[in-house]
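The values are calculated or read from the model by the stated rules, or taken from the named source; none is laboratory data. As the structure is a prediction and not an experimental result, all values here were calculated from the model. Cβ sites come from the backbone with ideal geometry, for glycine too, and all protein chains shown count toward neighbours. What goes into the accessible areas is simple: the full protein's heavy atoms, side chains included, and nothing from ligands, DNA or RNA. Shrake-Rupley method; radii C 1.70, N 1.55, O 1.52, S 1.80 Å.
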Amino acid sequence: MTKETAFPDTAPLEALISVSSRVVTISHFRPDGDAAGSLMACTLFLRSRGVEVTPVLPCPLADYLAFMAPPQSGLLDFETSPDAVEAVIKSADLIICLDFNRLSRTEYLEDAIRASKARKVLIDHHVAPDREDFDLVYSTAEVSSACELLYRIILNMPEIGGEVSRIPLEVAEHLYIGMMTDTNNFANSVSPSTFRMAADLLEMGVDKNALQFKVLNNHTEPRMRLMGHLLKDKMNVLPQYGAAFMILTADEKQEYSFRPGDAEGFVNLPLSIAGVNLSAFFTECRDEEYVRVSLRSRPGTDVNALARGWYNGGGHINAAGGRLFLPTEEIPAYFLKSLEEYFGK
Ligand code: 5GP
Ligand code: MN
């Protein structure tokens, strides 16, 4: 890890914040725990310094994350309040983008962000960010999560001065949630710095068990039954490629009272089978007329390349996603073909 990564220079960010009076924080479409965590941690940290901040998302938070932004947080989402979101983006003088590397990841907000005269800052941990779209970029793929990078930035802010206990508890809690969820509860993408950050946050008062219970152990019964159904009846293993895939159809979603976020983590399950190094999870999104693709791999297999090459997406080496514009019946053949081409056999 470079020195710059370990100790981000916060002076340019300080300079931008000091001349801004209307700050907007933004994260990506279908926000996960790291998106919500980095969005709210950044928002609450800046507010604790007296900065006026409006957090914005392209769509609402899934039920299991909704507690992270209660109504009094002022979070606006485009699906619920399109006019208000466009207005705050237009009148912002600073936009801080968190947990994505391309503006297209904000879906409906992309045009408004591009059109806004605000200065733009990126804080992200995906590979190959679109640097030219931002005035200031904090980016490294060497951290577990956007929250881990944001934690380092916050620690380096003058009033925190490297002293973890000076970080407001609610900011620390959001940072912890992002790190916990993006690592699949400290299973993947974890380095010594991740555990150090976790230890420091626990020491300053973050209640790990309470957050783990709220985010990871708070599912509905139909979600659990859907997981059983998918594993028993829908999981296909392709030993020749060390791969597995599952397809969740719109009909099954209806049958199991599916709510956004219910399939979170399912894509990881086949990776616990010996010999499976790559897992794909396809979700039919009938309203949006595409199939959402989630890819995961064990070290040694690059699903970012697979997502970019065959699934109209991207992400990280071991966790990526995208979308396909195909009927679900055609997915098995397409997946097989993509592996054939990707592995060159
Ligand atoms: P997930 O499978 O959890 O939705 O996404 C895994 C990773 O892939 C995340 O880091 C996410 O940012 C990235 N990702 C998911 N969907 C897309 C997509 O449509 N485009 C790009 N570029 N990245 C995606
Ligand atoms: Mn992330």
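Miscellaneous remarks
- Filter pass, residue 314 being out of contact with any His (no Cβ under 8 Å at 6 or more places or on another chain) and among the small types (Gly, Ala, Ser): no
- All helices (runs of 4 or more DSSP H) inside the range 213-326 with 2 or more residues being within 16 Å of ligand 2 (Cβ to nearest atom): 303-310
- Scanning the range 144-163 for residues being buried (at least 17 other Cβ atoms within 10 Å of the Cβ) and either within 14 Å of ligand 1 (Cβ to nearest atom) or not aliphatic (A, V, I, L, M) (or both) gives a total of 9.
- Selection from the range 54-72 of residues that are open to solvent by 10 Å² or more (accessible area, probe 1.4 Å) and under 20 Å from residue 21 (Cβ atoms): 54
- Per the listing 307, 274, 263, the residue uniquely free of Cβ contacts under 8 Å to residues at least 12 places away in the same chain, hydrophobic (A, V, I, L, M, F, W, C) and out of contact with any helix residue (DSSP H, G or I) (no Cβ under 7 Å at 6 or more places or on another chain) is 274.
- In this structure, residue 166 qualifies as more than 15 Å from ligand 2 (Cβ to nearest atom), under 30 Å from residue 22 (Cβ atoms) and surrounded by fewer than 21 Cβ atoms within 10 Å (Cβ to Cβ).
- Consider the range 189-201 and keep the residues that are in contact with a helix residue (DSSP H, G or I) (Cβ under 8 Å, 6 or more places away or on another chain) and open to solvent by less than 70 Å² (accessible area, probe 1.4 Å). The one that is nearest to ligand 2 (Cβ to nearest atom) is 194.
- The C-beta contact set for the range 188-200 (first residue more than 10 Å from residue 144 (Cα to Cα), second residue open to solvent by 50 Å² or more (accessible area, probe 1.4 Å) and part of a helix (DSSP H, G or I), distance under 8 angstrom, 6+ apart or interchain) comprises 198/208.
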